[in-house]
Protein chains: 2
Amino acid sequence: MGNKVLVLSVGTNPLPNYVVGSYLKEKYDKFVLIYSEENQRINQNGTGNFAKKLKEHLNLNDKYVFLPLSDVSDSKQIRKDLNSLFPNDNFEEIHLNYTGGTKTMVLHIYNFLREKFKNKFKGSYLDARDYKLVYDDSENTINLKDTVKIDINTLLSIHLYETIQFECYDTYSYKQKFMDSFNEMSQRIENAIMDNKGEDFIKWLENPFRKIFKGGDKLLEKVAKFKEHIKLLKDNNSSPIVKFNKETPKFIWDILNAFPEGKKLNDGQELWIPDDKITNDNLSSRVKDTVEFLDGKWLEWYVYKQIKSELLDRKLKEGEHFGLSLKAQKKDSPDFELDIFLINGYQLIGISLTTSSKKDLCKLKGFEVIHRARQIGGDESKAILITGMDKSKTEDLQNDLAYETGSTQKRFVVFGIDDWGDIGSKICKEVFE
Amino acid sequence: MGNKVLVLSVGTNPLPNYVVGSYLKEKYDKFVLIYSEENQRINQNGTGNFAKKLKEHLNLNDKYVFLPLSDVSDSKQIRKDLNSLFPNDNFEEIHLNYTGGTKTMVLHIYNFLREKFKNKFKGSYLDARDYKLVYDDSENTINLKDTVKIDINTLLSIHLYETIQFECYDTYSYKQKFMDSFNEMSQRIENAIMDNKGEDFIKWLENPFRKIFKGGDKLLEKVAKFKEHIKLLKDNNSSPIVKFNKETPKFIWDILNAFPEGKKLNDGQELWIPDDKITNDNLSSRVKDTVEFLDGKWLEWYVYKQIKSELLDRKLKEGEHFGLSLKAQKKDSPDFELDIFLINGYQLIGISLTTSSKKDLCKLKGFEVIHRARQIGGDESKAILITGMDKSKTEDLQNDLAYETGSTQKRFVVFGIDDWGDIGSKICKEVFE
C-alpha cells in the first residue's frame with residue numbers, strides 16, 4: 001500500500017470530493033473513500049454509489065479503499081468501524097479533506113485519524129464561499145475554481161445520472177426541423193428584440209398566439225379538436241382570431257412569413273385554418289414545431305446565441321462546459337432538466353427561461369432552477385432566471401426567492417425583459433466577474 | 001464563574017440551541033454561546049443576533065458569555081479567538097453541543113475544548129432524524145421531542161421576527177365580518193365536503209365564481225371597473241354570468257344564501273349586479289369579504305376546525321402551539337406566512353392550502369411551504385400541502401417536490417381533494433404517528 005493517503009468523506013454531494021480528488025490526485029498514492037451505508041432502520045441514506053462513481057471518474061484504478069460507516073450519527077460506532085476497517089500500514093502522510101459528509105461523521109473521522117496518526121495527519125476543507133482549499137495548518141489557501149474543470153457528463157455521472165442528453169449549436173434540433181428557413185426566422189426574432197420590440201412580441205404571444213394554439217391535450221394532433229377550438233374562439237366578440245388577422249404587427253408578420261412553407265401558422269395575411277381534407281398528421285406536421293418554437297424555444301436559442309461566442313473566447317468547450325436543452329435521467333428519480341447549462345471551472349450555472357411576466361409562474365421557475373443548480377452543483381452553484389417581467393418586478397422576485405431559499409444575491413439572479421437586448425454580456429458579467 | 005459549563009455553537013438555525021439549552025439549563029452554571037461575527041469582506045453572515053435572542057428566551061440572566069469568532073472558515077483564527085476569549089476558570093465540566101454552526105467551526109471548537117479541558121470535556125449532538133440528544137461518550141440517547149416544547153412566539157422570536165400576528169378559533173376575523181351568519185355559512189360548506197361535493201364546489205369556484213369576481217386590480221373597489229368587467233363577460237356566448245344564473249347547483253345556492261343580507265353575491269336566484277346608485281364603498285363592503293372567503297379562506301377554516309379538537313385533546317394549546325393565518329415580520333426580509341401552523345414538542349408543521357388543482361400553482365405552493373417550514377423549523381420540520389388535485393396527481397407532486405428539495409417523504413406530504421372528507425384525522429396521523 002502507498003505511503004501518502006488522501007481520505008475523502010463522501011456525503012450526498014460528491015462534487016467537492018471530485019474537485020479535491022482531481023487536484024490532489026498526483027500527490028497521493030492511495031485514496032480512502034469513507035461513506036455511509038444505506039440503513040432504512042435508522043433512516044440513513046447510503047452514499048456508497050457516489051464513492052463508486054468517484055473512484056471511476058478519478059481513475060483511481062486500484063489506488064483506493066472503500067470504507068463504509070454503519071451509523072454516521074453514532075460516534076462510538078464510527079470509531080469502531082474506522083478501527084476495524086482503516087488500513088493499518090505505516091503511512092508517511094494522512095490527509096483528510098472533510099468537505100463532504102455530515103457534521104458528526106466528519107468530526108469523529110477527523111479525531112480518529114488525528115489521534116491515530118498524530119503529526120502525520122493533516123486536514124483540509126474546500127470552502128464553497130470562495131472556492132478555496134483551506135489547510136488547517138497553513139496560511140496558504142488555493143483557489144481551485146480556475147484550476148479544476150469538470151464537464152457536464154462527469155458532473156451528472158458522479159450524481160448517478162445515467163442517460164444524458166443536450167443540444168449544441170450546429171446540430172440544434174430546430175435547425176433540422178426548419179431547415180433553410182431557420183436562420184432567417186431566428187434572425188428576425190433577434191432583430192425584433194434588438195429593436196426593443198420584445199414586449200410587443202410577448203404580448204402577441206400571450207394573446208392571440210397562445211389563446212389559439214395552446215390549451216388542452218392533443219389540441220394540435222386532432223383536426224376535429226382543433227377546429228372545434230377555433231370555432232369556439234370565433235364566436236367570441238374579442239376573438240383572438242380577429243386579433244391575429246387584424247392586429248398582428250408588421251414585424252411579427254415578418255417573423256411568421258420566415259417559417260418554411262409547410263410549417264406556417266398563417267395563410268397570407270390570415271390565420272391558417274385547416275380545411276376538411278387535412279389529416280391529423282398533416283395538422284401536427286404543419287403547426288406543432290412552429291408552435292413549440294414560438295411558444296418559448298426561440299428565447300432559449302436567442303440567449304444561447306448571445307453567450308456562445310464569448311464562452312468560446314474564454315476557452316470553454318461547447319458540449320463539455322455549455323449547451324442547451326439538457327435532460328438527464330437516473331433510476332427512481334424525476335428527470336433533471338436545465339434550459340441552458342454552463343460550467344465555469346467547477347461552478348455550475350443553471351439558466352432557466354420563460355417569456356412569462358406572471359409572478360407566480362416566474363417564481364415557480366425560480367424555485368426550480370435554484371434547486372436544480374444546487375442539486376448537482378452544490379452550494380457553489382449559481383442560478384439565473386430570465387423572464388418577461390419588467391425591472392421593478394425582477395428585483396422583488398430576486399429578493400424574495402433569495403431569502404426564501406437561503407441563497408445569497410451572488411448565487412441567484414433574475415433578469416427581465418429590459419435585459420434581453422444585451423443579455424449575453426449581462427450573463428457573462430454575472431458568471432465571470 | 002460557575003463550575004459546569006454548557007457551550008453552544010450558534011449557526012443560522014437557533015432552534016437546536018434553544019432545545020438543548022432548555023433541556024440542560026438547570027444542570028449548568030454557565031452558558032458559552034459561540035457565534036460568527038458579521039464580516040462582509042469574507043462573505044460571512046453574523047449569528048450574534050441569534051445568540052442574543054437565545055440568551056433572552058433561555059432566561060440566562062448573567063449566566064452567559066458571548067464568544068464571537070472572526071472567521072469561521074479559518075482553523076487558526078478560530079483557535080486564536082477561543083484562546084483569547086474562552087473563560088479560563090477551573091471548570092468541573094465543559095459540555096459542547098455542536099448541533100449549530102458550520103462544519104469547520106464545530107470541528108475546531110470541539111478540538112480546542114477537548115485539548116484544553118481533556119477529560120472534563122464532553123460533546124453531544126441533537127439528531128434531526130429522530131429528535132435524539134446523542135452523547136459522544138455514552139450509549140444513552142434522550143428523545144427531546146416529547147420533552148422540550150416551544151411556542152410560536154418564541155420560535156419566531158429566536159429567528160429575529162419582531163411583529164407576529166395570527167388568528168384563533170373564537171376570535172377568527174371572518175366571524176366578525178359575517179357575524180351571526182358565519183356558523184351557518186361554514187357549516188353548509190362543511191356539509192358539502194362531507195357529502196363529497198367538494199369537486200363540484202371547486203369547479204364552480206373556478207368558473208363562474210373567479211371569472212366574475214377575480215381579475216385585475218381593484219375590481220371590487222371601483223363600481224365602474226366592475227360594471228365594465230361584467231359587461232364584457234355578458235357579451236360572451238359561454239358567459240360565466242349565464243353559468244352563475246342557470247347552472248349553479250342547489251347546494252351552492254344554499255351556501256350563497258347563508259351569507260348575511262348585505263354581503264350576498266346573489267340577488268334571489270341571480271347574480272347581484274350593482275345598480276347606478278351604488279358607491280365604490282357600497283360595492284366593496286358588499287362583495288369583498290364574501291369573495292375572499294369563497295376564494296379560499298373557507299378551506300383554511302374548514303381544515304382548522306377539523307384538527308382543532310384533536311389538538312386540544314393532545315394538550316396542545318391554541319395560540320401557543322397552533323393557530324391560523326400566521327404572518328410575521330422582521331427587518332429587511334419578506335414577510336413570513338403560514339396558513340396554519342402547528343408545533344408538536346419542538347417540531348414545526350407548516351400547512352399550506354389551495355383549492356387549485358393546477359399543477360404549476362400547487363407546485364409553487366409546495367416549494368413555498370417546504371421552505372417556510374424549514375426556515376424556522378429546521379431539518380426537523382414538516383410541510384403539509386392541501387390541494388384540490390386528485391389522487392394520481394398528488395402522489396406525483398409529492399415525489400417530485402420531495403426529490404427536488406431533498407426532503408424525505410416523512411417531511412413533506414401532499415393531500416388532494418379525496419382527502420378532504422377526513423382531513424383532520426389524516427393530518428393528525430401524519431403529525432403524531
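The values are calculated or read from the model by the stated rules, or taken from the named source; none is laboratory data. Since we're looking at a predicted model, the values are computed, not measured. Cβ: placed from backbone, ideal geometry, glycine included. Neighbour counts: every protein chain shown. These area figures cover heavy atoms from the full protein model, side chains too; ligands, DNA and RNA do not enter into them. Shrake-Rupley method; radii C 1.70, N 1.55, O 1.52, S 1.80 Å.
Where the centroid of each part is defined by its Cα atoms, how far is segment B:359-433 from segment A:60-85 in Å?
Using only Cα atoms to place each centre, the spacing works out to 36 Å.
Bin by bin, in steps of 5 Å, what percent of the Cα pairs in segment A:319-432 do you find, going until the bin that has the longest distance?
Cα pair-distance distribution for segment A:319-432, in percent: 2, 12, 24, 26, 21, 11, 3, 1, 0.
Go through segment B:201-216 residue by residue and turn each phi into a ³J(HN,Hα) via Karplus (6.51, -1.76, 1.60, θ = phi - 60°); whole Hz please, and just put x for glycine and proline.
Using θ = phi - 60°, the values come out as 5, 6, 5, 5, 5, 5, 7, x, 3, 6, 4, 7, 9, 10, x, x Hz.
Quick check: the angle from helix A:223-234's long axis to the longest principal axis of chain A, C-alpha only, nearest 10 degrees?
70
Could you calculate, for segment A:173-297, the ratio of the Cα radius of gyration to the Kirkwood radius, expressed as Rg to Rh?
Expressed as Rg/Rh, it is 0.94.
Quick one: grab the alpha carbon gyration tensor of segment A:255-296, order the square roots of its eigenvalues as a ≥ b ≥ c, and give me rounded if a/c is under 1.5, else prolate or oblate depending on whether a/b is larger than b/c. Mind dumping the intermediate values first?
Details: a/c = 2.12, a/b = 1.27, b/c = 1.67.
Note, shape of segment A:255-296 comes out oblate.
To the nearest whole percent, what portion of all C-alpha pairs in segment A:316-368 is separated by more than 14 angstrom?
61
Please sort B:165-178, A:384-397 by packing, taking for each peptide the average over its residues of neighbouring beta carbons within 10 angstrom, highest first.
Packing proxy ranking, top to bottom: A:384-397, B:165-178.
With a probe of 1.4 Å, find how much accessible area the protein assembly as shown has per residue, and write the answer as a whole number in Å².
Details: 37190 Å² over 866 residues.
Result: 43 Å² per residue.
Check B:ASN266: other-chain or 5+ apart residues with amide H under 5 Å from its amide H, H built from backbone geometry?
So B:ASN266 has HN proximity to B:TRP272.
Keeping the other protein chains in place, figure out the carbon and sulfur percent of the accessible area of the protein assembly as shown, with a 1.4 Å probe.
Answer for the protein assembly as shown is 43 percent, counting heavy atoms of protein chains only.
What does the charge count near A:LYS4 come to, summing +1 for each Lys or Arg and -1 for each Asp or Glu among other residues with Cβ under 12 Å from its Cβ?
That sum, taken over residues with Cβ under 12 Å, equals +1.
Per 10 Å bin, what percent of the C-alpha pairs of segment A:35-192 does each bin hold, from zero upward?
In order of increasing distance, the bins hold 8, 26, 29, 16, 9, 8, 4 percent.
How big is the C-alpha Rg of chain B next to the rule-of-thumb value 2.2 N^0.38 Å, as a ratio? The partial results should precede the final answer.
Details: Rg = 26.7 Å, N = 433, 2.2 N^0.38 = 22.1 Å.
For chain B, the normalised Cα radius of gyration comes out at 1.21.
Using 10 Å bins from zero, what percent of all Cα-Cα pairs in segment B:119-226 falls into each bin?
With a bin width of 10 Å, the distribution comes to 10, 17, 23, 20, 15, 10, 5, 1.
Principal axis lengths of segment B:340-380 from Cα atoms, whole Å, largest first?
Answer, in whole Å and largest first: 34, 16, 10 Å.
With every atom except the alpha carbons ignored, what do you get for Rg and Dmax of the protein assembly as shown, in angstroms?
In order Rg, Dmax, the Cα atoms of the protein assembly as shown give 30.4, 96 Å.
State the percent of C-alpha pairs, over all pairs in segment A:282-334, separated by a distance greater than 16 angstrom.
I get 61 percent for the Cα pairs in segment A:282-334 exceeding 16 Å.
How tilted is helix A:15-24 with respect to the longest principal axis of chain A? Cα atoms for both, answer in degrees (0 to 90, nearest 10).
It is inclined by approximately 60 degrees.
For A:ASP254, place a label point 7 Å from Cα along the Cα-to-Cβ direction in every copy; what are the distances to the other copies, in nm, shortest first?
6.3
Counting only DSSP beta bridges with both residues in segment B:3-148, tell me the antiparallel percent, nearest 5.
So the antiparallel bridges in segment B:3-148 amount to around 30 percent.
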